[in-house]
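Visitor: Got a structure for you, written out below as structure tokens; questions coming shortly.
The values are calculated or read from the model by the stated rules, or taken from the named source; none is laboratory data. Fair warning: this is a prediction, and the values are worked out from it, not measured in the lab. Here Cβ is always computed from backbone atoms with ideal geometry, including for glycine, and neighbour counts include all displayed protein chains.
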Amino acid sequence: MNVSSPLLTLNPLHIAQQLAEQFATTAAERDKQGGNPKQERDLIRQSGLLGLAIPTQYGGQGAGWKTVFQTIQTIAQVDSSLAHVYGFHHLLIATVQLFSQPEQYGKWFEQTAQENLFWGNTLNPLDRRTIATQVSENEYLFHGDKSFCSGSIDSDILLCSAYNDEGKLLIGVIPTAREGVSFLGDWNNMGQRQTDSGTSHFEQVKIKKDELLLNPGPLSTLYSSLRPLIAQLIFVHLFLGVAEGAFVTARQTVQNQKAWSKSLAENAVNDPFTQKHFAEFYVQLEGVRLLAAKAVQSLQTAWDLGSDLTAEQRGEVSIAIATAKIAATNTSLYITQNIFQVMGARATTAQLNLDRFWRNVRTQTLHDPVDYKYQEIGEWVLTAKVPDPSFYS
């Protein structure tokens, strides 16, 4: 199976499916190992999917958000760590478009499309340990640590951030190989074990002024404030993909099992309690799919409006995505936990490592508390107030 064919000749969803089939053969073992999935990230590079969302004038494919999210979802069905870093690559591409102007980001996009560059994240605005010091009119020094830096190791370009002495957040784009940048490799969590979401260190790293995203900058306009909503919708499709992967695994397992000894059915597929469980899984998945599709369409409309986006329209997108986020969170946790109820004790063997589905969504759903999504929607229902733009809504 060759995934190196360009997107000009193959459908991106077909390519994502090919990648998923390859990743599936090693996903369980790689999850146990943790660390950096270098070989698999190189397959993503070779696939051409890293240029999927880059506008065609810069050599990319100019795909819409529906296609981008579908490729993330497809990969997440077998490997949520790879789906995470791949999804964040597209988030960082969008961030640059939202926080700067074409004359600045054009060269980065052209290089990314031509060389299949992977973008890594060292942004994390909640971690204020990295300080920006201006040393001349056109140069800054970033110094300090950043946590939760997903996809930073083995990336080619970094989105980084620091706070200056006035408390202003500065976001820059630099080569990962820039002198002074290092990675501690200390990510050792129970889930998302191959996202390299550990600590990055900046040792007096030089950042040129033209590498900073200052126009319009972070969240300074309604349009630029779409950035956190894109991040939330990536999580929706990540959770949905994992739930679908767990569902398919459970279905394939049960289709080859005998029924429990007390059942009146001979085969598990004819057992009424097993059928009830799968009906519940299916209904919940269908609900998330519909809510996710509505949210994607809402985002695409807002994205296409650009600077004409109104506060009311932005608010509608926020509510649609928050609704899908709650449903995807609850459904993914429910399905990944309860697949064992239908598969039985044999499914708990460490060799299969099927608990990774639950561990991965349990880890990633803690990115930001879903309780606040409930609060946002509840406030909107009762008062018609939409969430204020922030880095998480």
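Visitor: Here are the criteria: (1) within 24 Å of the chain's Cα centre (by Cα); (2) modelled with pLDDT under 95. Tell me which single one Lys258 does not satisfy.
Guide: The single condition Lys258 does not satisfy is (1).
Visitor: Restricting to segment 167-205, name every residue that is in a strand (DSSP E or B) and crowded, with 16+ Cβ neighbours inside 10 Å.
Guide: Listed by number, the residues that qualify are Leu169, Leu170, Ile171, Gly172, Val173, Ile174, Val181, Phe183, Ser200, His201, Phe202, Val205.
Visitor: Filter segment 362-384 for residues that are of a type in the set (A, V, I, L, M) and over 19 Å from Val317 (Cβ atoms) and give the result.
Guide: Once the filter is applied, which keeps residues that are of a type in the set (A, V, I, L, M) and over 19 Å from Val317 (Cβ atoms), segment 362-384 yields Leu366, Leu382.
Visitor: Still on this structure, please answer the following. Which residue out of Gly87, Gly34, Gly62 is surrounded by fewer than 16 Cβ atoms within 10 Å (Cβ to Cβ) and either at positive phi or touching a His at 6+ places or on another chain (Cβ under 9 Å) (or both)?
Guide: Being surrounded by fewer than 16 Cβ atoms within 10 Å (Cβ to Cβ) and either at positive phi or touching a His at 6+ places or on another chain (Cβ under 9 Å) (or both) holds for just one of Gly87, Gly34, Gly62, which is Gly62.
Visitor: Criterion first (part of a helix (DSSP H, G or I), crowded, with 21+ Cβ neighbours inside 10 Å and touching a Phe, Trp or Tyr at 6+ places or on another chain (Cβ under 6 Å)) does Phe235 satisfy it?
Guide: It is false that Phe235 is part of a helix (DSSP H, G or I), crowded, with 21+ Cβ neighbours inside 10 Å and touching a Phe, Trp or Tyr at 6+ places or on another chain (Cβ under 6 Å).
Visitor: Out of Thr383, Thr323, Thr310, report the one residue that is surrounded by 13 or more Cβ atoms within 10 Å (Cβ to Cβ) and among the polar types (S, T, N, Q).
Guide: Thr323
Visitor: Within segment 244-284, which residues are loosely packed, with under 11 Cβ neighbours inside 10 Å and outside any helix (DSSP H, G or I)?
Guide: Within segment 244-284, Gln255, Asn256, Ser261, Lys262, Leu264, Glu266 meet the criteria.
Visitor: Now for a different question. Of the residues in segment 12-32, how many are over 18 Å from Asn116 (Cβ atoms) and either among the aliphatic types (A, V, I, L, M) or modelled with pLDDT under 95 (or both)?
Guide: Final tally of qualifying residues: 5.
Visitor: From the set of residues in segment 110-125 that are hydrophobic (A, V, I, L, M, F, W, C) and in a loop (DSSP other than H, G, I, E, B), which is farthest from the chain's Cα centre (by Cα)?
Guide: Top of the filtered list is Leu117.
Visitor: Next up: Test of understanding: among Ala83, Ala63, which residue is among the hydrophobic types (A, V, I, L, M, F, W, C) and in contact with a Pro (Cβ under 9 Å, 6 or more places away or on another chain)?
Guide: None of the others qualify; the one that does is Ala63.
Visitor: Mind counting the residues in segment 126-166 that are in a strand (DSSP E or B), of a type in the set (S, T, N, Q) and either in contact with a Cys (Cβ under 7 Å, 6 or more places away or on another chain) or under 27 Å from Arg193 (Cβ atoms) (or both)?
Guide: Number satisfying all stated conditions: 1.
Visitor: Being in contact (Cβ under 8 Å) with a residue 60 or more places away in the chain, touching a Lys or Arg at 6+ places or on another chain (Cβ under 7 Å) and of a type outside the set (Lys, Arg): is that true of Thr74 here?
Guide: No: the conditions fail for Thr74.
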